Amino acid sequence: MTDTALLTGRETNRLVTVLRHGRALDLAAADLGLSLTAVWATARTDTRLTIALAGRDQAPPGPDERRGAAEDRPREAGIPHITGSFGETLRENGKIIEAVRARRGVAVVFMRDAALALSEEPYGWDGRKIAELAGVGKKLIWQQQAAARAARERARNQR
């Protein structure tokens, strides 16, 4: 028996990535310029590659979970299945998420400032009252007030 050279770590990582995307082993190895003999020799000592070659990357389902349950749950919950061009959908969702993050950032700053302003004169409300009227937990209000105080101190120190 001749010694077969093992794949490098980089070659193994690239092959595992390609296999996880559903590419057939012989085609993936040919595209990456790897010999199948080297792939199988490396698989003897590399668990990730062995799992990728086996075609599964997850633990088997537990005793109370049947195979199709994962696919049925979103449908049962009423989540629509997205069909068509995933790239376009992802780009559209990315734009929406970016806008939402920007609005949330402004809203968080506003909430912090409002929580702090309501706890000072002329209002003098305590954290419990603010939390009750805002419909949130008092711990969140106290955290927001502390963050607003810290931001106020930073602004004063920069002047």
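The values are calculated or read from the model by the stated rules, or taken from the named source; none is laboratory data. This one's a predicted model, so the numbers in the text were calculated from it and none came from an experiment. Cβ placement follows ideal geometry from the backbone for every residue including glycine, while neighbour counts extend to all protein chains displayed. Keep in mind that these areas ignore ligands, DNA and RNA; they rest on the heavy atoms of the full protein, side chains included. Shrake-Rupley method; radii C 1.70, N 1.55, O 1.52, S 1.80 Å.
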Linear extension gain, ALA151 paired with VAL136, 0.36 nm per residue minus alpha-carbon span: 3.2 nm
Charge tally in the Cβ shell below 12 Å around ARG149, where Lys, Arg are +1 and Asp, Glu are -1, ARG149 excluded: +1
Accessible-area value, THR45, 1.4 Å probe, nucleic acids and ligands omitted, Å²: 110
Rounded to whole Hz, the Karplus (6.51, -1.76, 1.60) HN-Hα couplings of segment 44-51, x for glycine and proline: 5, 10, 10, 5, 4, 5, 4, 5
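Report the calculated FRET efficiency for GLN143 and ILE79 (r = Cβ-Cβ distance, R0 = 30 Å), to the nearest 0.05. Working shown, then result.
Details: r = 32 Å, r/R0 = 1.07.
Using R0 = 30 Å, I get an efficiency of 0.40.
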